[in-house]
Amino acid sequence: MDQKLESKGKVCVTGASGFLASWLVKRLLLAGYFVVGTVRDPGDEKKVAHLWRLKGATERLKLLKADLTKEGSFDDAIMGCDGVFHTASPVVGVLNDPKVEILEPAVKGTLNVLRSCKKNPSLRRVVLTSSSSTVRIREDFDPKVPLDESSWSSMELCERFKVWYALSKIQAERAAWAFCKENNIYLVTVLPSFIVGPSLPPTLCSTASDVLGLLKGENAKFQFHGRMGYVHIDDVALCHISVYEHKRAHGRYLCSSTVMEVDELASFLSARYPSYPIPTRFEKLDRPYYEFNTNKIRSLGFKFKPAEEMFDDCVLSLGEQGYIPSA
């Protein structure tokens with residue numbers, strides 16, 4: 001019997017103009033889905049023009065206004081959809097009050113989306129974008145045993161080191177699991193590592209800006225990242241679709257191609273792109289060694305693109321968009 005859901009149907013993508021969500025919309029349209037995307041302002045040409053340029057958008061894309069902070073805001077977008085991909089998350093800038101600016105909106109926004117899901121009788125499945133940072137920020141594991149989906153980061157450690165993004169993702173994912181269990185909603189979560197690849201939106205998100213900084217010779221952001229998993233943006237989008245379509249997909253799915261120390265990454269990049277002033281000196285951080293066990297997503301037949309491809313595609317895109325001289 002086919003392991004996939006029967007028809008393509010109609011799905012909703014929250015925060016559709018974002019870095020990952022735009023790529024997910026692109027992949028869903030290419031796969032034949034009708035996509036309802038939510039954005040804060042569908043009339044903001046600068047923020048949404050790239051979505052209307054996607055293949056299939058004129059026939060099968062609809063953009064609706066929704067706000068994570070307003071209950072009921074997602075009702076219209078979600079009603080009648082077979083599936084919901086919740087990728088929207090509060091943007092991290094300079095924080096004055098992390099609780100008010102990122103933690104509360106992440107949990108509240110996720111619950112607002114799920115309350116709208118609960119009202120939709122045709123809903124089959126919800127796919128939530130979480131993060132590999134919900135797995136790896138802990139001190140009590142054996143570095144010789146790769147981390148898998150059963151691992152959860154320590155909230156106490158996140159607070160101590162002020163890793164607010166990770167903490168917001170942990171709290172939002174835990175709240176989602178509790179709500180979906182209580183309300184009988186079929187939930188699957190995807191936990192991507194650091195996403196690398198071409199940016200469809202014209203303004204770069206934080207991960208794309210971090211890579212751009214490294215190519216320009218800045219090392220502060222990556223110094224802080226230390227050891228990190230990396231994954232191609234296209235793989236993350238395809239992973240979301242894979243866990244939506246496979247009937248036996250359940251629970252959490254780590255989505256990461258390769259894990260590297262920051263100095264490994266720098267030497268790999270400077271050898272591959274010698275024309276850019278990539279820094280080679282990084283201070284050694286006292287952080288635990290870890291690898292990721294991605295057997296769960298691979299068991300669905302998933303294959304990851306290598307680091308060479310994700311960074312080639314990223315560098316090419318940054319060059320085409322005029323952020324760096326073309327390599």
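Nothing in this text is a laboratory measurement; each read-out follows from the coordinates by a stated rule. Not measured: the values here are computed from a predicted model. Here the Cβ positions follow ideal geometry from the backbone for every residue, glycine too, while neighbour counts run over all protein chains shown.
Couple of notes before you dig in:
- Size descriptor, Kirkwood hydrodynamic radius, that averages inverse alpha-carbon separations across region 27-98, Å: 13.8 Å
- Spacing of the modelled spin labels on GLU182 and MET260, each 7 Å from Cα toward Cβ, amounts to 4.3 nm.
- With contacts taken as Cα pairs under 8 Å and at least 6 residues apart, region 34-157 reaches a relative contact order of 23 percent.
- Rounded to 5, the percent of DSSP beta bridges in the chain classed as antiparallel: 10 percent
- Computed label-point distance, nm, for sites GLU218 and TYR276 using a 7 Å Cα→Cβ extension: 1.3 nm
- Rounded to the nearest 20 debye, the dipole size of region 232-327 about its Cα centre is 520 debye, using +1 on the Cβ of Lys and Arg and -1 on the Cβ of Asp and Glu.
- Computed over the chain: relative contact order in percent, which uses C-alpha pairs under 8 Å that are six or more apart: 18 percent
- Sequence-distant aspartates and glutamates (8 or more away, or on other chains) whose Cα lies within less than 18 Å of LYS144: GLU261, ASP286, GLU291
- Prolate/oblate/rounded call for region 104-169, Cα gyration tensor, a/c under 1.5 rounded: oblate
- A Cβ-based charge dipole, computed about the Cα centre of the chain with Lys and Arg at +1 and Asp and Glu at -1, lands at about 820 debye.
- Pairs of alpha carbons in the chain whose separation is greater than 31 Å (percent): 29 percent
- Taken over the Cα atoms of region 198-327, the convex hull encloses 113 Å³ per residue.
- Out of every Cα-Cα pair that region 58-194 contains, those further apart than 25 angstrom amount to 31 percent.
- Rel. contact order, % - alpha carbon contacts under 8 angstrom, at least six apart, region 265-327: 21 percent
- Helix-derived mean residue ellipticity, 222 nm - over the chain, DSSP H n ≥ 4, -39500 (n - 2.57), to 500: -11500 deg cm²/dmol
- Centre-to-centre separation between the Cα atoms of region 49-74 and those of region 248-283: 32 Å.
- Exceeding the 18 Å Cα-Cα cut-off - candidates LYS47/LYS70; LYS26/LYS108; LYS8/LYS55; LYS8/LYS65; LYS169/LYS303; LYS10/LYS55: LYS47/LYS70; LYS26/LYS108; LYS8/LYS65; LYS169/LYS303
- Among LYS181, LYS65, LYS119, the largest mean-square fluctuation in a Gaussian network model of the chain (Cα springs under 10 Å) belongs to LYS181.
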